[in-house]
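One structure below.
Taken together, the values in this text are just the output of simple stated rules run on the coordinates, not laboratory data. Predicted model only: the values in this text are computed from it and were never measured. Glycine gets a Cβ as well: all are built from the backbone with ideal geometry, and neighbour counts include every protein chain shown.
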Amino acid sequence: MICNYCILQTYFKEKNLIFYSNIESLLESLNYLISLKRIFRIGTGEFTDSLALDPLLRLNERLIPLFSKSSNLILELKTKAINIDHLLDLPYRDKIVISWSLASHRIITEEERATASLLDRIKAAERCQREGYVVGFHFDPIIEYKGWEEDYKRIIDALADHIDPKGVIWISLGTLRFMPELKWILLERHRNSRILKGEFIRGMDGKLRYFKPLRIDIYAKAKAMLDEWSDDLGLYLCMETEEVWNRSFGWSPGGRRGLCQYLDQRAIKLFHIKDLD
C-alpha cells in the first residue's frame, strides 16, 4: 500500500514494517483494562493497516475473542484492504467494529496506490455487515479538488446501495492535514501527487491544513450528503475545534471529553452494553 499523503512517513524513519511479537504482554494489558469497568475503544489502525497483513500474522484471531467476551472493550479494525475471509470464519461479533477508510475513485487511483478499490471496500463492508459485524467508515483525509462534491456523492450513493445505516457505528470526517516535513517527502517520493496543489496554512498544532472557511464548507457539504442517507450515522470530526464543529455541524461535543462520551454512547447503543457499575 502506497498512500502518498500518509503522515507516518514523517513519524517513522524505518522503512521496514515491524511486527511486535510480545502478544502475551498485550493480552495481559487488555485483561487489566477489562477490570477497570469502563468503556475503552481501542483501534489497531493508527500506525498500520489493521487487515493488510492479518491473513499472515493472524493477530486479530487472538484479539477478537478477548474483546468480544469482555464487558467493556471495543475493538476497531481500520483498513483499506479487503482481507476479511478469516474474520468471517470466527464465531465472535460482539464489540468488534470493522471500518474502512473511504476516498473518491480519483484519490484512490492517484494517491492510494495498491489499496483496494472503492467498490471493493464497500462490498467487503457489506459482507461483514451481512455476517453480523458492526461497521464504520472514515472519510479522512478528504482532499479538496474541483469536482470533489460530485465524487463524494457517488461514494455515499454506493454506501446507500450496499450498507444498512442501522449497522453503522460511526463515520468520521477529516480534511487533509500533515506535518510540514511531509511536503519534502512528497516532492522526493511522490512527484506526481496532486496533494500539494492546494493552499495550506499552519494550524495551532503545527500541521498544514486547508483554510478554516474551506474546511467548514467541506464538512457542511459532506454532512448534508450523509444526512440524506441517514440522520443517525454517528458523524464526528477529526482533530477540529469547537468553532469548526459548530459552524459546519451546528453543534459540538464540548471538547475531547465530550467527543469520547459521544462515541462511547454510540458503542453502548450498537452493542447494547449494559451498566458497567
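What the table shows:
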| read-out | value |
| --- | --- |
| Dipole magnitude of the chain, debye to nearest 20 (Cβ charges: Lys/Arg +1, Asp/Glu -1, about Cα centre) | 540 debye |
| Pairs of Cα atoms farther than 23 Å apart, the stretch 185-277, % | 42 percent |
| Relative exposure of HIS190, HIS105, HIS272, judged by other C-beta atoms within 10 Å (fewest first) | HIS272, HIS105, HIS190 |
| D_trans [Stokes-Einstein, Kirkwood Rh over alpha-carbon pairs] for the chain, 4 °C, 1.567 mPa s, µm² s⁻¹ | 66 µm²/s |
| Calculated FRET efficiency for the pair LEU90/GLU243, C-beta based, R₀ 45 Å, to 0.05 | 0.55 |
| Peptide ranges 95-102, 39-46 listed from the most packed, as the mean C-beta count within 10 angstrom indicates | 95-102, 39-46 |
| Under 5 Å, built H, 5+ apart or other chain: amide partners of TYR133 | none |
| VAL97 long-range amide H proximity, modeled H, under 5 Å | LEU75, GLU76, LEU77 |
| In nm, spacing of pseudo-spin labels at ILE2 and ASP161 (7 Å Cα→C-beta vector) | 3.0 nm |
| Amide H contacts under 5 Å for PHE178, placed H, 5+ residues apart | LEU208 |
| Charge sum, other residues only, whose C-beta stays under 13 Å from GLY250's C-beta, Lys/Arg counted +1 and Asp/Glu -1 | -2 |
| Paramagnetic reach from MET179 (point 7 Å along Cα→Cβ, amide N under 13 Å) across the stretch 1-26 | 6-14 |
| Phi to ³J(HN,Hα) by Karplus 6.51 cos²θ - 1.76 cosθ + 1.60 over the stretch 36-50, Hz, x for Gly, Pro | 7, 6, 9, 6, 10, 9, 10, x, 9, x, 7, 10, 6, 8, 5 |
| Fully extended contour minus Cα-Cα distance, from LEU53 to ASP227, at 0.36 nm per residue | 59.2 nm |
| Prolate/oblate/rounded label for the stretch 20-171 (Cα gyration tensor, a/c 1.5) | prolate |
| Largest-first principal axis extents of the Cα set of the stretch 1-79 (Å) | 40, 23, 19 |
